[in-house]
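Here the structure comes first, spelled out in structure tokens, and everything after it is commentary.
The values are calculated or read from the model by the stated rules, or taken from the named source; none is laboratory data. Here the structure is a predicted model, which is why all the values come from computation and not from measurement. Ideal geometry is used to build each Cβ from the backbone, glycine not excepted, and the neighbour counts take in all protein chains shown. The area values use the complete protein model at the heavy-atom level, side chains included, leaving out ligands, DNA and RNA. Shrake-Rupley method; radii C 1.70, N 1.55, O 1.52, S 1.80 Å.
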Amino acid sequence: MKISEINEFGADNSVLEILQENGFEFFTKVQEKAIKAGLCSGKSFVIAAPTSSGKTTIAEIAAIDGAMKGKKTVYLVTHKALAEEKYNSFKKTYEAENWFSVSIATGDRSEGDWIDGIMVATYEKYLAMISSSKIYSLADRIVVADEIQIISDETRGSDIEILLSIMRKQNP
């Protein structure tokens, strides 16, 4: 499927522009399936696919499309280093162009007000934010939970399972 066809499946026009600016021409089969199944139309997904099949791009399209449509989007990652990497990438690309704001919340730092746009956070920090009532509701939000296989980790898995259960119940 050509990148130019993404708008036919509910994506914000800016998502097409962003993908084209970054040199994308075609979607992988996994990306195409997700887009055709409603990725940009509020559908929920669990993507399980091989390495290099395009899962990260699917996650970014969901986050960016949600932010461009005015929804708060949380992009959850497993480690602070990944949070920093995603934060810097999103901030450089999207906030610099004044499309939407980008914030970060990890155990070490928080930056930005998450008024709109994307907040990149570690699982544990986001659980703490929900537990302390800094975030009351996940309704009408886009949630990207990256690398959820960490749920099997003996030291961190139970916290992540609790967070995902709370989020599932609220049906973002």
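Structure values in brief
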quantity	calculated
Antiparallel bridge percentage (DSSP; both residues within the chain; nearest 5)	20
GNM result for the chain, Cα springs below 10 Å: residue of 41, 89, 132 fluctuating most strongly	132
Long pairs among 29/80; 29/55; 69/92; 33/72; 2/71, criterion Cα-Cα beyond 22 Å	29/80; 33/72; 2/71
For peptides 122-129, 76-83, 144-151, sequence by mean Cβ density within 10 Å, most packed first	122-129, 76-83, 144-151
Rg/Rg_globular for the chain, with Rg_globular taken as 2.2 N^0.38 Å and Rg from C-alpha atoms	0.99
Per residue Cα convex hull volume in Å³ - calculated over region 2-58	74
Dipole magnitude (debye, nearest 20) for the chain, charges at Cβ of Lys, Arg, Asp, Glu	440
Percent accessible area from carbon and sulfur atoms, region 1-150, protein chains only, probe 1.4 Å	49
Long-range amide H partners of residue 103 with built H, under 5 Å	118, 119, 120
Hydrodynamic radius by Kirkwood, which averages 1/r over all alpha carbon pairs of region 9-94, in angstrom	13.6
